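The block underneath contains the structure these notes are about, expressed in structure tokens.
The values are calculated or read from the model by the stated rules, or taken from the named source; none is laboratory data. Worth saying up front: this structure is predicted, and the values here are computed from it rather than measured. Counting neighbours? That spans all protein chains shown, and the Cβs are built from the backbone with ideal geometry, glycine included.
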Amino acid sequence: MKSLFKVTLLATTMAMALSATQVMAEEAAKAPAAEAPAAAAAAPAVNSAFKNEDQQSAYALGASLGRYMDNSLKEQEKLGIKLDKEQLISGVQDAFADKSKLSDQEIEQTLQAFEARVKASAQAKMEKDAQENAAKGQAYRDKFAKEKGVKKTESGLLYQVEKPGTGDTPKDSDTVVVNYKGTLTDGTEFDNSYTRGEPLSFRLDGVIPGWTEGLKHIKKGGKITLVIPPELAYGKTGVPGIPANSTLVFNVELLDVKAAPKGDAKAEKPADAAAEAGAKGQ
């Protein structure tokens, strides 16, 4: 985890903002003369609360920093760490006035200890969430397994065929074209090709094991619901949008199956590709 605070955070934030402004100015200078008026017109008008553009720019930098700090405090509260906002503001003000109550060494030591505390709290929360996700997932799978038409494979995959489709069953080396919706067991949607308005195309051996196995239970034109345990999805680590130990629910429509060119068909299980990748964005 990256540090939430650094001794030079304020200076870094301001430097980044000033650097971005400088880059924009340099790009504008390179533009043809005819484009200059348009670039100037894009600058925001000075708000009546400020005397000039410099005042407004200074305020904007401060507001940006304040929002960043506020978001950081909210994230820490989720970990059970509640910092005093007034003391944070006081620290910024004292730093500007060169009247810090702490020496540079004390600041560094305090922030190092704080970072260690944040890391420990985050790790504890992640482990707690993973245990809860595993239990919730098991309960969901137990309930789903009792629904009409649901089958369970030796690997633990659960599936329910809505429409079998026709033609050949897709092989690992085939490219499949699908529309799908993916949710967590509480209904939280993390991916949806329907809302994107674009089906997904991929080699069947290039996705999570639950998909590789599951799509072999339907054919072109088929529809299936897959309930995938974490060991056939993203396991104990998870990925952005999918917490650790999550059971995943997919409603999948197999639009097309394209056989691999001759000589391109690989072994049934290529080097961990299916364990590392998922259907777009999962």
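A few notes on this one:
- So Asp205, is it surrounded by fewer than 19 Cβ atoms within 10 Å (Cβ to Cβ) and either at pLDDT below 95 or in a loop (DSSP other than H, G, I, E, B) (or both): no
- Residue within segment 82-93 that is in a loop (DSSP other than H, G, I, E, B), under 23 Å from Arg67 (Cβ atoms) and among the aliphatic types (A, V, I, L, M) present: yes
- Any chance Leu184 is buried (at least 16 other Cβ atoms within 10 Å of the Cβ), among the aliphatic types (A, V, I, L, M) and either in contact with a helix residue (DSSP H, G or I) (Cβ under 7 Å, 6 or more places away or on another chain) or without any contact (Cβ under 8 Å) to a residue 40 or more places away in the chain (or both): no
- Flag if Tyr159 is touching a Lys or Arg at 6+ places or on another chain (Cβ under 8 Å), modelled with pLDDT of 95 or more and either over 30 Å from Pro261 (Cβ atoms) or not in a helix (DSSP H, G or I) (or both): yes
- Residue within segment 85-92 that is on the phi < 0 side of the Ramachandran plot, touching a residue at least 24 places away in the same chain (Cβ under 8 Å) and hydroxyl-bearing (Ser, Thr, Tyr) present: no
- For segment 43-59, the set of residues classified as polar (S, T, N, Q) and loosely packed, with under 10 Cβ neighbours inside 10 Å consists of Ser48, Asn52, listed by residue number.
Every residue, every condition in (1) part of a loop (DSSP other than H, G, I, E, B); (2) outside the structural domain of Glu162 (by TED's automatic domain parsing); (3) at pLDDT 80 or above; (4) among the β-branched types (Val, Ile, Thr), yes or no:
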site	(1), (2), (3), (4)
Ser246	yes, no, yes, no
Phe250	no, no, yes, no
Glu253	no, no, yes, no
Val257	no, no, yes, yes
Lys262	yes, no, no, no
Ala267	yes, no, no, no
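- Residue match in segment 118-141 (condition: among the hydroxyl-bearing types (Ser, Thr, Tyr), part of a helix (DSSP H, G or I) and over 30 Å from Thr185 (Cβ atoms)): no
- Considering residues of segment 96-120 that are more than 35 Å from the chain's Cα centre (by Cα) and surrounded by 11 or more Cβ atoms within 10 Å (Cβ to Cβ) only, the residue nearest to Gly66 (Cα to Cα): Ser100
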